[in-house]
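See below for the structure under consideration.
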Amino acid sequence: MATSSLSGNFSVLRHSETQSRSLLLLGGSSVKLFRSKHEASTCHGARVAAAVPRASAPEVAVVEKGREKVRVLKLGLICGGPSAERGISLNSARSVLDHLQGDDLHVSCYYIDCNLNAFAISSAQVYSNTPADFDFKLESLAQSFQTLSDLAKHLATAVDIVFPVIHGQFGEDGGIQELLEKYNVPFVGTGSKECCQAFDKHKASLELRKHGFITVPSFLVQGYETDKSELSEWFKKHQLDPDLGKVVVKPTRGGSSIGVGVAYGVNDSLVKANEIMSEGIDKKVLIEIFLEGGNEFTAIVLDVGSDLDSFPVVLLPTEVELQFRGANDVKENDAIFNYRRKYLPTQQVAYHTPPRFPLDVIENIRKGASLLFQRLCLQDFARIDGWFLPNSSSKLSPFSQSEFGRTESGAIIFTDINMISGMEQTSFLFQQASKVGFSHTNILRSIIHHACLRFPNLASVSGISGQLPSRSKSLQRNKSFSRREGTRKVFVIFGGNTSERQVSLMSGTNVWLNLLAFHDLEVTPCLLSPTSECASSIDMGKKADDVMNRTVWSLPYSLVLRHTTEEVLDACMEAIEPEHAAITSELRKKVMNDLMEGLKDHNWFTGFDIADDLPVKFSLRQWIKLAKEVQATVFIAVHGGIGEDGTLQSLLDAEGVPYTGPGAMASKICMDKVATSVALKHLANSGVLTINKDVRQKDDLSNKPINDTWHDLTRKLQCQTLCVKPAKDGCSTGVARLCCPEDLAIYVKALEDCLLRIPPNCLSKAHGMIEMPNPPPEHLIFEPFIETDEIIVTSKFEDATGHGLTWKGHSRWVEITVGVIGKRGSMHSLSPSVTVKESGDILSLEEKFQGWSP
């Protein structure tokens with residue numbers, strides 16, 4: 001019973017000529033990636049493509065609630081910075097803004113660019129995909145400050161307290177903290193001196209060793225003239241082969257695995273170290289032994305002490321497991337927890353909270369991280385990473401009895417200290433906090449209130465406890481579903497079995513979290529379970545009975561906060577396993593008791609707001625029946641497959657269940673790129689063109705000679721290079737530029753071998769990692785590859801100053817995107833945007849869905 005008209009996510013190429021303009025429609029879908037509260041609260045939306053700067057909206061603090069005036073805490077949120085992590089910083093700022101802005105807490109946003117220029121920005125700019133989306137417009141759209149000192153002077157009068165969410169340099173190395181301290185601006189987090197010491201991995205290692213912690217043996221490289229003989233002696237001392245010994249090379253002052261790599265032997269180590277220095281990542285480099293057989297973990301520490309008494313409590317740690325999914329995956333011998341695995345929805349990493357370690361190890365991790373937090377004089381919160389080395393795998397030299405980290409099961413080593421933990425929606429901070437009863441809003445407000453205690457003029461602030469969001473509802477079988485007066489039930493469904501399922505999880509998570517802020521809604525997150533990875537497209541035929549027997553999980557709060565649908569499903573299975581559930585429950589109670597020891601003294605803390613619910617399993621038939629019984633509206637966030645081809649829409653229509661997005665017929669047309677072209681052919685005279693397509697079966701590509709297929713395609717499409725894409729998938733999955741028969745052969749081979757990804761630069765023209773559909777599609781579309789012009793940022797225009805975009809090239813084609821939203825009969829477009837690719841010819845996952853700032 002959908003109420004909106006045809007809407008979706010379209011890719012468009014715009015052709016600009018002196019006398020005429022055309023739009024070339026490449027494809028579409030009915031679900032988009034929602035990033036903002038405004039987007040998520042609108043039921044019917046779409047995305048097409050185009051590029052116009054978005055006007056900034058004024059921020060107004062609400063100072064009255066009903067007739068009662070409330071104290072508004074003014075918070076300055078600072079993001080950006082000079083490091084490659086500034087895109088992640090923007091994502092963190094977006095989460096903080098989503099979960100903190102309220103009647104009693106007003107957030108003003110500030111941004112520091114890669115050259116340390118400071119600006120006051122609008123909240124609309126925080127919702128950009130990457131800093132590059134608005135960097136070039138700052139001079140015209142944002143308030144600039146002449147110097148960082150001017151920013152600090154402004155903050156001293158404009159806000160009560162600053163929350164820096166700059167990751168890496170200038171954010172965690174003490175830079176921003178020193179500036180704020182100089183002008184007496186209160187801020188959240190650790191002081192400048194302590195940040196400087198903890199951020200430098202070499203200094204931190206020395207300090208940890210001084211305090212009795214086990215540390216990883218390391219060698220410091222300073223400058224290009226390192227004595228090779230000294231490094232060779234270090235290799236021998238630690239029983240490493242000087243020619244082939246495996247080590248990790250990392251910048252001393254870098255974060256998020258940027259610049260971290262594996263090297264073999266002395267010569268290779270120095271080459272990798274020199275690369276880090278020559279690329280400007282750092283002037284000093286650490287070479288450490290590779291911890292073979294170790295298990296990586298990370299732990300959030302929350303200070304719940306009063307006044308000047310620190311009382312750090314470590315939440316449930318998370319085990320980081322690198323995974324390779326059989327022979328079909330591209331295995332890396334030098335696999336580490338790098339930037340891509342940390343921030344992109346990849347199946348190459350899985351997280352386990354709590355870790356699958358012996359209980360004595362988990363307790364010692366918590367004890368050690370708390371002690372480390374105190375010894376290094378950290379404040380408010382931090383994230384501490386490390387390794388657990390079972391006795392059987394430890395190759396370190398024997399430890400002295402006095403060193404902390406020895407357990408009966410093995411050694412615990414703390415390696416990295418993050419003063420400003422990432423705060424993306426599914427980050428470790430929120431994962432671990434939700435496991436012990438904190439919602440996103442509750443943990444963030446707890447951190448801010450604790451910081452306020454250090455400043456006399458803010459210590460009495462009690463209003464910022466505020467109203468927490470309405471709780472996420474987990475469905476339970478055989479229970480009454482009475483509706484709270486004045487509320488509407490919403491089921492947000494995401495996941496599925498297409499190659500877009502990970503992006504669907506991101507969309508659904510954002511929708512669910514943002515809808516929680518509306519107190520007239522009761523929102524339940526639901527996972528459409530992925531089917532077996534070994535199944536083929538044919539095996540997953542969509543007969544009505546087969547579809548209705550698909551599994552849907554109603555999820556508790558903490559289980560949604562994962563990076564992949566497979567990880568969510570594994571967490572569901574773990575949660576209902578009796579032994580695992582008992583262990584997790586016991587650990588949760590212990591952490592919550594530790595937290596309450598400190599929180600009970602704070603009158604602003606109103607209690608934990610996330611219950612320890614279990615996931616509930618339904619068939620799709622049962623789930624739709626339940627939605628009808630409780631009069632729920634279904635928010636469809638399933639990308640591809642039954643979520644966008646009209647199948648789910650038809651099933652909901654049959655039961656009279658209202659849902660978001662287009663109806664069954666419109667969904668079916670939009671999902672099929674060929675059908676979309678046919679449906680829009682009559683608009684050609686109006687300047688809306690569709691690109692020529694040729695559809696081929698996967699089996700035909702395998703069975704016919706590659707050269708014959710290539711020549712047939714290029715002849716029919718009248719082009720020299722091709723763009724190949726799955727017929728019914730999107731989001732850059734399986735999309736590649738093919739320049740010759742050899743490229744086609746590599747692509748077809750990847751389909752035959754069911755590869756999950758094609759490694760960078762395997763094709764004749766340079767490209768990044770190509771994520772492949774899983775399972776491989778039965779049909780593929782070939783199109784002429786459209787050469788788009790390069791869009792570059794320029795510093796000057798003729799007769800004008802400032803920055804802007806310049807269209808560089810002669811084809812006059814450029815990719816744009818535009819959102820379309822509204823109800824049937826009253827659709828309207830949002831401001832369009834231009835697509836600027838950082839590298840290659842096809843948008844990568846990083847460029848499309850992640851704050852990537854190379």
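The values are calculated or read from the model by the stated rules, or taken from the named source; none is laboratory data. What you are looking at is a predicted structure, and each value in this text was computed from that prediction instead of being measured. All Cβ positions, glycine included, derive from the backbone under ideal geometry; neighbour counts span all protein chains shown. Note: areas computed on protein heavy atoms with side chains; ligands, DNA, RNA excluded. Shrake-Rupley method; radii C 1.70, N 1.55, O 1.52, S 1.80 Å.
Key figures
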quantity: Number of the exception - Ser232 against (1) open to solvent by 30 Å² or more (accessible area, probe 1.4 Å); (2) assigned to a helix (DSSP H, G or I); (3) not aromatic (Phe, Trp, Tyr); calculated: (1)
quantity: In region 807-854, the residues that are over 27 Å from the mean Cα position of the chain (by Cα) and modelled with pLDDT under 75; calculated: Trp807, Lys808, Gly809
quantity: Residue selected from region 689-723 under the condition part of a strand (DSSP E or B) and more than 14 Å from Glu742 (Cβ to Cβ), by the criterion nearest to the chain's Cα centre (by Cα); calculated: Cys723
quantity: Qualifying strands (runs of 3 or more DSSP E) (wholly inside region 250-362; at least 1 residues being within 25 Å of Ser218 (Cα to Cα) and at pLDDT 90 or above); calculated: 261-264, 284-289, 295-303, 318-322
quantity: Test: residue in region 179-195 that is over 22 Å from Ile420 (Cβ atoms), within 34 Å of the chain's Cα centre (by Cα) and β-branched (Val, Ile, Thr); calculated: no
quantity: Condition check for Ser446: among the polar types (S, T, N, Q), closer than 22 Å to Ser306 by Cα and open to solvent by less than 10 Å² (accessible area, probe 1.4 Å); calculated: yes
quantity: Candidates Phe163, Phe170, Phe145, Phe134, filtered to the one that is of a type outside the set (S, T, N, Q), open to solvent by 20 Å² or more (accessible area, probe 1.4 Å) and under 24 Å from the mean Cα position of the chain (by Cα); calculated: Phe170
quantity: Check on His440, at pLDDT 95 or above and under 27 Å from the mean Cα position of the chain (by Cα); calculated: yes
quantity: Unique residue being within 18 Å of Arg94 (Cβ to Cβ) and of a type in the set (Gly, Ala, Ser) when the list is Ala142, Ala156, Ala118; calculated: Ala142
quantity: Evaluation of Thr633 against (1) crowded, with 21+ Cβ neighbours inside 10 Å; (2) touching a Pro at 6+ places or on another chain (Cβ under 6 Å) (one fails), failing number; calculated: (1)
